[in-house]
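Heads up, the thing below is written out as structure tokens.
The values are calculated or read from the model by the stated rules, or taken from the named source; none is laboratory data. This is a predicted model, so every value here is computed, not measured. Please note: Cβ atoms are built from the backbone with ideal geometry, for glycine as well, and neighbour counts cover all protein chains shown.
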Amino acid sequence: MQSYSLFAPAKINLHLEIIGHRPDGYHELVMIMQSVNLGDVIHLRANGKDEIRLFCQNPEVPLNNTNLAYKAAHLMQQQFPKLAQNFGGFDIVIEKNIPVAAGLAGGSTNAAAVLVGINLMWSLGLTQPELRDLGALLGSDVPFCISGGTAIATGRGEQIEPLPDLSDIWVILAKYSNLSVSTPWAYNSYREQFNHLYISDSQGINQRTRQVHSGDLVKAISQRNSEQIGALLYNDLEKVVLPEFPTVKALIDAFKAENVLGSMMSGSGPTVFALCDNQNQAEAIANKVQKTINDSNLHCWVAQMCTHGIIKQ
């Protein structure tokens, strides 16, 4: 067996809409998701032992069976027990570049890379749809992270339909290292405050999903109209997160004051992103906002939208 190194991009949400309840306890969602080229590198190799071992330079990353990368390797061992018995376990080395607990799918994209890597190592020949089905068993963002690019995600996030690729837009990612937002808290708070708006019937859910498919943001993406894309960003979870975390709202406002294409919280936060026309503009605005806010806990990264999910290094 070969060892593999894989690049695992982060993701942002250009649109996140909560439609209603699901029988499985999750929310019915419609999202437009986008990969960016800030990413982790996953090194995967057989260790000749009957165990999965994780290594990472970032002390915030758990190196045990709570890590989604570990869960992905364990899932493949369960799905293909004969191969697992023949080849043994894995050493998984995570070069962590995506900030932790940031709403950027860092854990999910690591899990996606492990699924893709084991598919290659064991010569399984699984297709992307088959890998996405396995990824859905691990988490709602994992299927998107496998294929990446630009896509509409529906259901609880696991049903993926590709959209025309975007790659010319630059993204500033900004996060306070001393701030975290619990994803379950964000969704539960939204449910408590806005469940009266939920659509409960399948016909209504399908109709709302179709409206997004044919809506202005998808049209702007098809036309690669960066100004319109920036103007049409939308995230339902801002309704509950921003009132509780005013520093996140202030960060969005600081970027908007610099005339970016658009700025919004990604996922359940607390990461904020801002869209720019080019790299120089993005770097200049990131530096200016950091100086203006003047908080040592605020960190910024500049990345570009990318057209892929997990790829071999």
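Here are a few things to note about the model shown:
Residue-by-condition table, conditions (1) in contact with a Cys (Cβ under 6 Å, 6 or more places away or on another chain); (2) over 22 Å from LEU63 (Cβ atoms):
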{"site": "LEU75", "(1), (2)": "no, no"}
{"site": "ILE94", "(1), (2)": "yes, no"}
{"site": "ILE98", "(1), (2)": "no, no"}
{"site": "VAL116", "(1), (2)": "no, no"}
{"site": "LEU120", "(1), (2)": "no, yes"}
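- Among the residues of the stretch 22-60, those identified as farther than 28 Å from VAL218 by Cβ, modelled with pLDDT of 95 or more and aliphatic (A, V, I, L, M) are VAL41, ILE42, LEU44, ILE52, LEU54.
- Residues located in the stretch 266-313, provided they are in contact (Cβ under 8 Å) with a residue 40 or more places away in the chain, of a type in the set (A, V, I, L, M) and out of contact with any Ser or Thr (no Cβ under 6 Å at 6 or more places or on another chain): VAL272, LEU275, ALA282, ILE285, ALA286, VAL289, ILE293, LEU298, VAL302, ALA303, ILE310, ILE311
- Pairs linking a residue in the stretch 35-46 that is without any contact (Cβ under 8 Å) to a residue 60 or more places away in the chain and assigned by TED's automatic domain parsing to the domain that holds ILE146 to a residue that is hydrophobic (A, V, I, L, M, F, W, C) and part of a strand (DSSP E or B), with Cβ atoms under 6 Å and 6 or more positions apart or on different chains, are HIS43/VAL93.
- Residue in the stretch 81-89 that is surrounded by 22 or more Cβ atoms within 10 Å (Cβ to Cβ) and in a helix (DSSP H, G or I) present: no
- The stretch 160-197, subset of a type in the set (S, T, N, Q) and in contact with a helix residue (DSSP H, G or I) (Cβ under 8 Å, 6 or more places away or on another chain), residue farthest from GLY117 (Cα to Cα): GLN193
- Residue that is nearest to LYS219 (Cα to Cα), among those in the stretch 233-285 that are of a type in the set (A, V, I, L, M, F, W, C) and assigned to a loop (DSSP other than H, G, I, E, B): LEU233
- Reported count of residues in the stretch 102-125, each being surrounded by fewer than 19 Cβ atoms within 10 Å (Cβ to Cβ) and either under 30 Å from MET31 (Cα atoms) or in contact with a strand residue (DSSP E or B) (Cβ under 6 Å, 6 or more places away or on another chain) (or both), is 2.
- Number of residues in the stretch 71-124 that are of a type outside the set (S, T, N, Q) and on the phi > 0 side of the Ramachandran plot equals 4.
- Identity of the residue in the stretch 1-32, assigned to a strand (DSSP E or B) and of a type in the set (Ser, Thr, Tyr), that ends up farthest from GLN313 (Cα to Cα): TYR4
- Hey, GLY139 out of contact with any strand residue (DSSP E or B) (no Cβ under 8 Å at 6 or more places or on another chain), surrounded by fewer than 22 Cβ atoms within 10 Å (Cβ to Cβ) and touching a residue at least 60 places away in the same chain (Cβ under 8 Å) or not: yes
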